[in-house]
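A quick write-up on the structure given underneath.
The values are calculated or read from the model by the stated rules, or taken from the named source; none is laboratory data. For clarity, every value in this text was computed on a predicted model and none was experimentally measured. Glycine gets a Cβ as well: all are built from the backbone with ideal geometry, and neighbour counts include every protein chain shown. The accessibility values were calculated without ligands, DNA or RNA, using every heavy atom of the protein model including side chains. Shrake-Rupley method; radii C 1.70, N 1.55, O 1.52, S 1.80 Å.
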Amino acid sequence: MTPKETPPSTAARAHDLTDAEFAELDDLLLETPEPLEPLDAVMLDGYLCGVIVQPVLLEPATWLAHIFDFDGRPLPDEVNQEWLARTTALIMRRHAALNRAIVEDGWFDPLVLEFDDEHPREPVPEGEIDHMAGLSPVSQSLMPWVAGFHHAAETFPDLAEMPDDAVMAALARLYRHLPVEDDEQRELVALLDREHPLATLDDAMEELVVTIADLQDLTAEQRYKVETVKRETPKVGRNEPCPCGSGKKFKQCHGA
């Protein structure tokens with residue numbers, strides 16, 4: 001797991017996880033009680049970005065469950081509370097650091113897999129499907145991160161349901177790193193590869209980060225939109241009679 005070497009803001013750097021804490025978080029997630037199926041640290045990173053760029057503000061209680069289990073099944077009542085507190089604390093710190101970096105800098109350090117001769121991709125066990133088969137080496141590195149983002153977008157569909165071509169184009173730039181499921185997706189990926197080729201992992205990571213920043217901007221207005229509350233009855237002046245019928249002024253009765 002390698003975060004891209006770009007200096008984040010002072011605030012983000014001061015509160016983000018260290019390399020040791022990223023490794024600790026990955027180990028802690030592996031300790032999630034069976035039969036729950038948790039995300040790993042890389043998928044978690046993409047998932048958190050998928051939560052952050054939603055056009056609605058999501059409470060942590062809403063999205064935490066889908067980290068400990070892909071389907072959002074609850075943790076058992078007898079779960080180790082120290083384990084839960086430490087794991088949740090690390091998750092919330094990473095979420096806050098990502099949110100600050102995206103909003104303040106328009107840039108963040110994604111946690112991705114980087115395969116090379118010293119760290120080759122683990123072979124797929126016999127009989128299991130190789131989900132990365134057919135992907136370019138660049139997309140193989142980014143696929144787990146993007147799969148985590150896609151998990152958030154599927155779990156909370158408000159983003160994908162926005163009637164905005166710019167949002168759809170941004171999602172397509174991310175999902176080009178996922179296995180194609182039909183001819184339409186195959187054609188779209190081929191078009192992106194022709195018009196926006198990604199020669200190196202650094203190029204692809206830069207596009208990923210810029211795309212997340214674009215989604216943040218595209219959804220900000222809806223995310224922080226304040227609904228106007230319409231009163232069903234006229235507002236009562238403080239010196240007017242209280243509507244309760246007491247005969248007192250409103251300020252001396254229910255407006256006190």
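Summary of values
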read-out: All positions within segment 168-197 that are under 23 Å from LEU48 (Cβ atoms) and either more than 15 Å from the chain's Cα centre (by Cα) or of a type in the set (Lys, Arg) (or both); value: MET168, ALA169, ALA172, ARG173, ARG176, HIS177, LEU178, PRO179
read-out: Count - residues of segment 156-206 that are polar (S, T, N, Q) and within 24 Å of PHE115 (Cα to Cα); value: 1
read-out: Breaking point among (1) of a type outside the set (Asp, Glu); (2) open to solvent by less than 20 Å² (accessible area, probe 1.4 Å); (3) under 16 Å from ASP27 (Cβ atoms), for PRO110; value: (3)
read-out: Residue match in segment 140-159 (condition: within 23 Å of PRO38 (Cα to Cα), without any contact (Cβ under 8 Å) to a residue 60 or more places away in the chain and open to solvent by 50 Å² or more (accessible area, probe 1.4 Å)); value: yes
read-out: In segment 169-198, residue most open to solvent (accessible area, probe 1.4 Å) [restricted to those that are farther than 22 Å from PHE108 by Cβ and assigned to a loop (DSSP other than H, G, I, E, B)]; value: GLU181
read-out: Number of positions in segment 32-42 that are open to solvent by less than 40 Å² (accessible area, probe 1.4 Å) and in contact (Cβ under 8 Å) with a residue 60 or more places away in the chain; value: 3
read-out: Test for GLU59: is it within 13 Å of the chain's Cα centre (by Cα), of a type in the set (Asp, Glu) and open to solvent by 20 Å² or more (accessible area, probe 1.4 Å); value: yes
read-out: Test: PHE108 is over 29 Å from LYS225 (Cβ atoms) and in contact (Cβ under 8 Å) with a residue 24 or more places away in the chain; value: no
read-out: Per-region count, segment 13-37, residues in a loop (DSSP other than H, G, I, E, B) and farther than 24 Å from TRP107 by Cα; value: 7
read-out: Test: VAL138 is out of contact with any Gly (no Cβ under 7 Å at 6 or more places or on another chain), farther than 29 Å from LEU57 by Cβ, part of a loop (DSSP other than H, G, I, E, B) and not acidic (Asp, Glu); value: no
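Yes/no matrix, rows are residues, columns are (1) part of a loop (DSSP other than H, G, I, E, B); (2) over 23 Å from THR219 (Cα atoms); (3) open to solvent by less than 90 Å² (accessible area, probe 1.4 Å); (4) among the small types (Gly, Ala, Ser):
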| residue | (1), (2), (3), (4) |
| --- | --- |
| PRO55 | yes, no, yes, no |
| ALA65 | no, yes, yes, yes |
| ASP77 | yes, yes, no, no |
| PRO123 | yes, yes, no, no |
